[in-house]
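S.K.: Can you read through this structure? Questions will come right after.
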Amino acid sequence: MKRVSSHVSLASEAEINLDLSRLVIDKPRFTLERKRSFDEQSWSELSHRQNDGFDSVLQSPAFPSGGFDSPFSVGTHFGGPHPLVNEAWEALRKSVVYFREQPVGTIAAVDHASEEVLNYDQVFVRDFVPSALAFLMNNETDIVKNFLLKTLHLQSSEKMVDRFKLGAGAMPASFKVDRNKNRNTETLVADFGESAIGRVAPVDSGFWWIILLRAYTKYTGDVSLSESPECQKCMRLILNLCLSEGFDTFPTLLCTDGCSMIDRRMGIYGYPIEIQALFYMALRCALQMLKPEGEGKDFIEKIGQRLHALTYHMRNYFWLDFHQLNNIYRYKTEEYSHTAVNKFNVIPDSIPDWVFDFMPCRGGYFLGNVSPAMMDFRWFALGNCIAIVSSLATPEQSVAIMDLIEEKWDELVGEMPLKICYPALENHEWRIITGCDPKNTRWSYHNGGSWPVLLWLLTAACIKTGRPQMAKRAIELAESRLLKDGWPEYYDGKLGRFVGKQARKFQTWSIAGYLVARMMLEDPSTLMMISMEEDRPVKPTMRRSASWNA
Ligand code: GLC
């Protein structure tokens, strides 16, 4: 196991202190002791000092080494290493999948007790992300590079659902190693949705792939991978699927139900926040990595235009706080023309009662979904956390999202971080929206269940907004249960107190998510792998029309 140097300096102490007044935008209201060194050096501000491009990465003394003594972290914010860390590394290593003797990913769950394997014996693209971050932080970069290359090659396989051919850019939801003992051969077999329950293609896979490619490049400083013709092509193919022109009137991405982490019918079809936030982040990551030569130039231009429109749309129409809720409550309907205030014709009566109680005076969040006459008022963890780390949320919105989590701690965090969404669908709504899904009963699984994997995203959001104590509190909650309960996939109940009804044990992303959260809090400089600074306004390039020259 490699041990790496224990200190990273991306911005000097003096530089950091200079800006203190600006740094601490919010004051955590927890009574836990605050560590001055940490809170005042809000990483969100540190990252502002960093150029998002790779030049700064290469010049930075921070790379390729991280600033922690992993995996046996010294535990500066916890007062010592936790025994769970060693256990977690051991369990994570057991999940590594080898292909022709090379590590290529981690299996979704190593649950020998479970009778039903389904596809939990596969390497899922989204599930591998926290594993990859943990390995990167431990300077084990090969597995991440191999994974990126193997999935890239899988992209070119033929993708058919019955007689229908999927787009060339689609990335697999998962893959497995097929071993033929007689012939002594190994092949990778991917699932693009053609075997998945519900036959849905994972829209998030391609976005996670781009985000991971940037994380790898940022962390290792090795630009040769992202600049290789095959990675450039892979990115272009993924982007081609979402930047092509169609009948859209919105810059958001139209999706079917079950196309992301929530991979079953849960009423998230339309424009789900999880996909929109990942889409935004992937676009920004791609913008940093695409080479401006050849076909890349056209994509760079298209991304700029899309980001410009997407940012506006999301920050305005998906945002909900007390003030905006009151506006919607008083909306007039059936407005026609450009002067309409209620642009999507949302009928105030469709606002569910729970929102009025849930919405604190301080705080806000991005809605679950916005489309004509439809607002999904549910709160979703992944989309809101990604909105913070990617800076899709403005600094004020990021603060408000964290305020809301703090205010609604019992509802959203409870006894096990973090609820996948809030609140749960019940009774008639559950029947209609989930199609009577027995796995997604109220407060279970995707329907208001609590997923330990989300801990790393919560921690990243906490660090970015200067609230390490909030992350610490969440991590300690997880630590009190995870090992004892055998690293479950999810917990059930309003407070997340019960190991999930059908939850797998030794679920890899629960293990890796914990490790990433802990390591990130130990060394906040590692956040830069997945954090993006606030965007400078992107001006779309205006092209003169042909008639202009005529
Ligand atoms: C479940 C989850 C999905 C995850 C998969 C493997 O289907 O809903 O998000 O990728 O399990 O862990």
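S.K.: Pick out, from the stretch 86-204, the strands (runs of 3 or more DSSP E) lying fully within it that include 2 or more residues that are closer than 26 Å to LEU254 by Cα and within 16 Å of the ligand (Cβ to nearest atom).
M.R.: Of the strands (runs of 3 or more DSSP E) lying wholly inside the stretch 86-204, those with at least 2 residues that are closer than 26 Å to LEU254 by Cα and within 16 Å of the ligand (Cβ to nearest atom) span 174-180, 185-191.
S.K.: I need the full set of residues from the stretch 310-344 which are among the hydrophobic types (A, V, I, L, M, F, W, C) and over 18 Å from GLY368 (Cα atoms), in order please.
M.R.: ALA340, VAL341
S.K.: Looking only at the stretch 333-345, decide whether some residue is open to solvent by less than 10 Å² (accessible area, probe 1.4 Å), part of a loop (DSSP other than H, G, I, E, B) and at pLDDT below 95.
M.R.: yes
S.K.: Please go through the stretch 115-150 and give me each residue that is more than 18 Å from TYR219 (Cβ to Cβ), open to solvent by less than 50 Å² (accessible area, probe 1.4 Å) and in contact with a Phe, Trp or Tyr (Cβ under 9 Å, 6 or more places away or on another chain), ordered by number.
M.R.: Result: GLN122, VAL123, PHE124, VAL125, ARG126, ASP127.
S.K.: Right, something else. Check the stretch 459-471 and report whether any residue there is of a type outside the set (Val, Ile, Thr), farther than 24 Å from CYS259 by Cα and either part of a loop (DSSP other than H, G, I, E, B) or at pLDDT below 95 (or both).
M.R.: yes
S.K.: Please enumerate the residues belonging to the stretch 470-514 that are of a type in the set (Val, Ile, Thr) and within 11 Å of the ligand (Cβ to nearest atom).
M.R.: THR508
S.K.: Also, quick follow-up: If you go through the stretch 224-261 one residue at a time, how many are part of a loop (DSSP other than H, G, I, E, B), within 16 Å of the ligand (Cβ to nearest atom) and crowded, with 19+ Cβ neighbours inside 10 Å?
M.R.: Residues flagged as part of a loop (DSSP other than H, G, I, E, B), within 16 Å of the ligand (Cβ to nearest atom) and crowded, with 19+ Cβ neighbours inside 10 Å within the stretch 224-261 amount to 5.
S.K.: While we're looking at this one, here's another question. Would you please list the contacts, defined by Cβ atoms under 7 Å and residues six or more apart or on different chains, that run from a residue in the stretch 161-190 that is without any contact (Cβ under 8 Å) to a residue 40 or more places away in the chain and under 20 Å from PRO202 (Cα atoms) to a residue that is part of a strand (DSSP E or B) and within 16 Å of the ligand (Cβ to nearest atom)?
M.R.: Pairs found: VAL189/PHE175; VAL189/LYS176; ALA190/PHE175.
Condition check ((1) crowded, with 24+ Cβ neighbours inside 10 Å; (2) more than 16 Å from the ligand (Cβ to nearest atom); (3) over 18 Å from the mean Cα position of the chain (by Cα)) across all residues:
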{"position": "ASP263", "(1), (2), (3)": "no, no, no"}
{"position": "LEU278", "(1), (2), (3)": "yes, no, no"}
{"position": "LYS291", "(1), (2), (3)": "no, yes, yes"}
{"position": "GLU301", "(1), (2), (3)": "no, yes, yes"}
{"position": "ILE328", "(1), (2), (3)": "no, yes, yes"}
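S.K.: Taking the stretch 76-110, which residues are open to solvent by less than 30 Å² (accessible area, probe 1.4 Å) and within 15 Å of SER510 (Cβ to Cβ)?
M.R.: Result: LEU84, VAL85, ALA88, TRP89, ALA91, LEU92, SER95, THR106, ALA108, ALA109.
S.K.: From the list ASP403, ASP410, pick out the single residue that is surrounded by 15 or more Cβ atoms within 10 Å (Cβ to Cβ) and assigned to a helix (DSSP H, G or I).
M.R.: So the residue among ASP403, ASP410 that is surrounded by 15 or more Cβ atoms within 10 Å (Cβ to Cβ) and assigned to a helix (DSSP H, G or I) is ASP403.
S.K.: Related question: Name the one entry in ILE303, ILE275 that is touching a Cys at 6+ places or on another chain (Cβ under 6 Å) and either farther than 23 Å from PHE192 by Cα or assigned to a helix (DSSP H, G or I) (or both).
M.R.: Just one listed residue meets the conditions, ILE275.
S.K.: Could you grab the pairs with beta carbons closer than 9 Å, sequence gap of 6+ or different chains, first residue in the stretch 207-235 and more than 18 Å from PHE299 (Cα to Cα), second one in a loop (DSSP other than H, G, I, E, B) and among the hydroxyl-bearing types (Ser, Thr, Tyr)?
M.R.: Close Cβ pairs (under 9 Å, with a partner that is in a loop (DSSP other than H, G, I, E, B) and among the hydroxyl-bearing types (Ser, Thr, Tyr)) amount to TYR216/THR141; TYR219/THR141; THR220/THR141; GLY221/SER60; ASP222/THR141.
S.K.: For the stretch 472-498, how many residues are more than 21 Å from the chain's Cα centre (by Cα) and in a strand (DSSP E or B)?
M.R.: 2
The values are calculated or read from the model by the stated rules, or taken from the named source; none is laboratory data. Predicted, not measured: the structure shown is a model, and the values here were computed from it. Note that each Cβ is placed from the backbone with ideal geometry, even for glycine, and that neighbours are counted across all protein chains shown. Protein only, heavy atoms only, side chains kept; ligands, DNA and RNA dropped before computing areas. Shrake-Rupley method; radii C 1.70, N 1.55, O 1.52, S 1.80 Å.
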